[in-house]
Structures are given as C-alpha cells and as structure tokens.
Amino acid sequence: MIKTDVLIIGSGPAGYTAGLYTTRAGLNTTLFTGKNIGGQLMYTHEIENFPGYEKISGAELMNIFQKQVVSIGTTIENEQIKSLNIKKYPFEFTTESTRHGEAKAVIIATGSKAKWLNITGEEKFKGQGISVCATCDGFFYRNKIVAVIGGGNTALYEALFLARVASAVYLINNTDKFSGEFTLQKQVFENKKIIVLNNTSVQAFNGNERLESILIYNKKEEKQDILQINGVFEAIGTLPQTELVENQLELTSDGYIKTDKRTMETSVKGVFACGDVQENIYRQAINAAGSGCVAALGVEKFLLHPEPY
C-alpha cells in the first residue's frame, strides 16, 4: 500500500512545479509521471521564451525540472495511474501494476493532448517541422514558408501569428467554411501573407531529416498537389486528459476540469488541477508552471491550514 500526503498525476511543467512546492512545504509527495513523461513540451524542439534559458529543448527543460524535484525528496514513479477514487477520503488510487494507494490530497496535472491527423510521415516529423504551437515554435520559421491545418479559432490565431514572421502561410481547411470567429476570418482574408486553401486535406508529410513538403488533396477539384514548405502547425484541436476523473469532477462545457483560479481546487475539496487539463487558451509552459505553484499552495493550505480561504 502506497500512502502519501500528496498524489500528483502528470509530469509536465505543472506537475513538476507542484511537486517542488509541496515537497518544500514538508508534505510527503508522490508524483506519477504517466506514459507521456514531460508532457506535450517534449514535442517542442527549441524553447526561447522560458525565463532563465536563452535556448533549450522541451526534453532538456523537463529533465531539469525532474532532477530538481527528485533532489529535494519528491518520490517519482514512472508509472501510470489506472484508477482514481475521489468519492472516498483519503482518496484511493490504483497503479497500472495494480499497486494500491491512499492520498490526503490530489493534484491532477495530466494535461491535454493534441489531436493529430495520423497520416504518413507525421510521427517522423513531430518536432522536426511539425508543431502544434505557433507561439512556441513560430520564431524558428522567420522568412520561411509554413502551413497551418485547421478551420477553428486556434487555426486562425496561429495563421495570423505566423504571418508576422513567416514569408507565407498556407491555411489549409478541409471544408468550404471556417468555424472560427468572423472577426478572425476577416483578418485572415485581409492578410496578404495568408493563402487560404479550402476544401483541402493533407494526405502525407514528406522530407528527409526534416519536413520538406506536404501532399494535399483538393476535394472540390478532385486533384492532388505537393506544397514545398518548411513547417506545419496542426491546429485541429486538443483533448484534455480527464479519463481518471470522468463523472467525479465538474467539467467545463468543452471538457476541461473546472477550477477555482485562486487555489486551483476542483469541485471536490482536496482535489486540485493545474496545467492544460484545466486551461485551453494559452497553453504555455510558463502558465502551466504557474498554475502548478498555485495548486501546490492550495494543497498546503488545505492540509496544513484548513481554515476557510
């Protein structure tokens, strides 16, 4: 039986930061990394907007985070939580290897996962020309040709952002209309750097060491074409990883965990959430880390100073 003061589920910047704070507060903290150790940041080839680092890869940054929390005594388990029962207290959990445990407080930092096209070449070029975050990676495509895939608000924002740095931006939408806001559509159509390709799907990613071109298909004209580009930004949506708490916590209308932003506490007292599993707008490492800090301070207050907030 695993007994811990604080159970942290997730190993991105939110989870590691939470572990740093709860451990330093003297709370016995156990962090389960899950299968996707380091979270979505592991797909970011270079980061230049995280304070303290002029340039660092997502994998390097997450390794530094992990070493720091281990050095102060956080218990790291490279395993996935299979089930979580937050209807009982202490909260109960089971690991993938069928170990059972109890926790006095839970921090959910499972993040969100990007939706992918799952087509030829995609896996090969993730982080080598394929990205899901223009604000993270757009800088590396200054004066280059890129493409954005999607038709919602995120895709429109990404295209507009990239148009500031890239020489040309193809916006590839598989229907004849965008689902994003009209004002954003207007800005896109007025931007001379953005080339809109409606009724078009991406069928394959091609290249050698890095992405060099994409195979596209225009459904209206029923023909294929090859676009020579330097980078692609997939913006077809994200999915919050809330499987462990379905039917146990209150969620937003789009499926993210609802939290009190002052404390990151959820609809169940003693259960907190931080990072992208409860935030779907900015999706920045620094935001996730900040929310991890808030969640940890919320836990500290819940366990050590249980008076009303």
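The values are calculated or read from the model by the stated rules, or taken from the named source; none is laboratory data. What you see is a predicted model; the values in this text were computed from it and never measured. All Cβ positions, glycine included, derive from the backbone under ideal geometry; neighbour counts span all protein chains shown.
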TODO: Output yes when any residue across the stretch 1-22 is surrounded by fewer than 20 Cβ atoms within 10 Å (Cβ to Cβ) and more than 16 Å from residue 101 (Cα to Cα), and no when none is.
DONE: no
TODO: Give me a count of the residues in the stretch 228-244 that are out of contact with any Ser or Thr (no Cβ under 8 Å at 6 or more places or on another chain) and modelled with pLDDT of 95 or more.
DONE: 1
Task: Restricting the stretch 91-140 to residues that are surrounded by fewer than 21 Cβ atoms within 10 Å (Cβ to Cβ) and of a type in the set (S, T, N, Q), the residue that is modelled with the lowest pLDDT - done: 135
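Identify all residues within the stretch 1-19 that are of a type outside the set (Val, Ile, Thr) and closer than 19 Å to residue 277 by Cα; write none if there are none.
If we filter the stretch 1-19 for residues that are of a type outside the set (Val, Ile, Thr), which is where we start, we get 1, 3, 5, 7, 10-16, 18-19.
Passing the criteria: 7, 10, 11, 12, 13, 14, 15, 16, 18, 19.
Checking the condition in a loop (DSSP other than H, G, I, E, B), closer than 17 Å to residue 271 by Cα and at pLDDT below 95, which residue from 88, 35 passes?
Values: 35 fails: closer than 17 Å to residue 271 by Cα.
That would be 88, the only listed residue that is in a loop (DSSP other than H, G, I, E, B), closer than 17 Å to residue 271 by Cα and at pLDDT below 95.
Being more than 26 Å from residue 128 (Cβ to Cβ) and among the hydrophobic types (A, V, I, L, M, F, W, C) is true for just one of 64, 56, 72. Which residue is that? Give the steps one after another, and end with the answer.
On the way: 64 fails: more than 26 Å from residue 128 (Cβ to Cβ); 56 fails: more than 26 Å from residue 128 (Cβ to Cβ).
Being more than 26 Å from residue 128 (Cβ to Cβ) and among the hydrophobic types (A, V, I, L, M, F, W, C) holds for just one of 64, 56, 72, which is 72.
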Task: Residues that are β-branched (Val, Ile, Thr) and under 21 Å from residue 258 (Cβ atoms), drawn from the stretch 79-120 - done: 81, 86, 106, 107, 108, 110
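Before we move on, is residue 70 assigned to a helix (DSSP H, G or I), touching a strand residue (DSSP E or B) at 6+ places or on another chain (Cβ under 7 Å) and at pLDDT 95 or above? Spell out how you get there, then give the answer.
Values: assigned to a helix (DSSP H, G or I): yes; touching a strand residue (DSSP E or B) at 6+ places or on another chain (Cβ under 7 Å): yes; at pLDDT 95 or above: yes.
It is true that residue 70 is assigned to a helix (DSSP H, G or I), touching a strand residue (DSSP E or B) at 6+ places or on another chain (Cβ under 7 Å) and at pLDDT 95 or above.
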TODO: Taking residue 17 as the residue in question, decide whether it is among the β-branched types (Val, Ile, Thr) and in contact with a strand residue (DSSP E or B) (Cβ under 7 Å, 6 or more places away or on another chain).
DONE: no
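Give the residue that is nearest to the chain's Cα centre (by Cα), with candidates limited to residues of the stretch 123-143 that are of a type in the set (Val, Ile, Thr) and not in a helix (DSSP H, G or I).
Applying the filter and picking the extreme gives 132.
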TODO: Return yes or no: is residue 56 surrounded by 14 or more Cβ atoms within 10 Å (Cβ to Cβ), at pLDDT below 90 and of a type outside the set (Ser, Thr, Tyr)?
DONE: yes
Task: strands (runs of 3 or more DSSP E) wholly inside the stretch 205-251 that include at least 1 residues being of a type in the set (Asp, Glu) - done: 211-218, 223-228, 231-234
Open item on the list: Go through the stretch 175-188 and report how many residues are surrounded by fewer than 17 Cβ atoms within 10 Å (Cβ to Cβ) and part of a loop (DSSP other than H, G, I, E, B).
Closed with: 5
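Taking residue 118, is it within 24 Å of residue 241 (Cβ to Cβ) and part of a loop (DSSP other than H, G, I, E, B)? I'd like the intermediate steps shown before the answer.
Numbers: within 24 Å of residue 241 (Cβ to Cβ): yes; part of a loop (DSSP other than H, G, I, E, B): yes.
In short, yes.
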Task: Selected residue (only one of 234, 300, 243 is within 30 Å of residue 141 (Cα to Cα) and either crowded, with 18+ Cβ neighbours inside 10 Å or out of contact with any Lys or Arg (no Cβ under 9 Å at 6 or more places or on another chain) (or both)) - done: 234
TODO: Test residue 171 against the criterion of being in a helix (DSSP H, G or I) and surrounded by 17 or more Cβ atoms within 10 Å (Cβ to Cβ), and give yes or no.
DONE: no
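Answer yes or no as to whether residue 288 is at pLDDT 95 or above and among the aliphatic types (A, V, I, L, M). It would help to see each step written out before you state the result.
Numbers: at pLDDT 95 or above: no; among the aliphatic types (A, V, I, L, M): yes.
Spelling it out, it is not the case that residue 288 is at pLDDT 95 or above and among the aliphatic types (A, V, I, L, M).
So, residue 161, is that one within 20 Å of residue 280 (Cα to Cα) and part of a helix (DSSP H, G or I) or not?
Details: within 20 Å of residue 280 (Cα to Cα): yes; part of a helix (DSSP H, G or I): yes.
Here the answer is yes, as residue 161 does meet what is asked.
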- [ ] Of the numbered conditions (1) in contact (Cβ under 8 Å) with a residue 24 or more places away in the chain; (2) aromatic (Phe, Trp, Tyr); (3) over 23 Å from residue 125 (Cα atoms), residue 189 fails exactly one; give the number of that condition.
- [x] (1)
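Which one is surrounded by the most Cβ atoms within 10 Å (Cβ to Cβ) among residues in the stretch 253-275 that are within 27 Å of residue 148 (Cα to Cα) and under 17 Å from the mean Cα position of the chain (by Cα)? Working first, answer last.
We begin by selecting, within the stretch 253-275, every residue within 27 Å of residue 148 (Cα to Cα); these are 253-256, 275.
From what's left, under 17 Å from the mean Cα position of the chain (by Cα): 254-256, 275.
Details: 254: 10, 255: 14, 256: 20, 275: 33.
Filtering first and then ranking leaves 275.
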